[in-house]
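The values are calculated or read from the model by the stated rules, or taken from the named source; none is laboratory data. Remember, predicted model here, so these are calculated numbers, not experimental data. No Cβ is skipped: glycine too gets one built from the backbone with ideal geometry, and neighbour counts run over all protein chains shown.
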Ligand SMILES: [Zn+2]
């Protein structure tokens with residue numbers, strides 16, 4: 001690798017990092033309940049494995065119409081499950097987690113708690 005391409009890849013890496021930082025900031029704005037979490041926890045909540053993926057995830061949120069705010073706190077959002085039915089929205093992470101534990105005990109299903117990409121709520125999902 002020559003000096004020029006080394007520099008070039010360095011600056012694109014820097015840009016990538018900047019994009020990621022911005023994405024985290026925006027996600028925290030949309031999901032205030034995430035703002036106290038570490039970046040790695042946030043990735044986990046959104047079901048992402050790599051930091052890079054947060055940039056694509058942010059795009060998803062940006063395309064979301066602002067009318068979603070109206071749904072806040074009403075227990076609904078526009079997320080659908082694999083059958084096209086609306087997903088149940090939990091108001092808090094703990095609520096979703098408790099339901100998850102209950103389901104696990106009653107029906108032997110273990111689900112994953114993740115943040116709804118469009119509201120301040122949480123969903124359960126088969127991982
Ligand atoms: Zn949702």
Open item on the list: I'd like the full set of residues that are surrounded by 14 or more Cβ atoms within 10 Å (Cβ to Cβ) and more than 11 Å from the ligand (Cβ to nearest atom), limited to the range 96-123.
Closed with: 96, 97, 99, 100, 103, 111, 112, 113
Open item on the list: Condition (residue is assigned to a helix (DSSP H, G or I), surrounded by 12 or more Cβ atoms within 10 Å (Cβ to Cβ) and modelled with pLDDT of 85 or more) applied to the range 72-95: is it met by at least one residue?
Closed with: yes
Open item on the list: I need a count of the residues in the range 96-127 that are touching a strand residue (DSSP E or B) at 6+ places or on another chain (Cβ under 7 Å) and not in a loop (DSSP other than H, G, I, E, B).
Closed with: 12
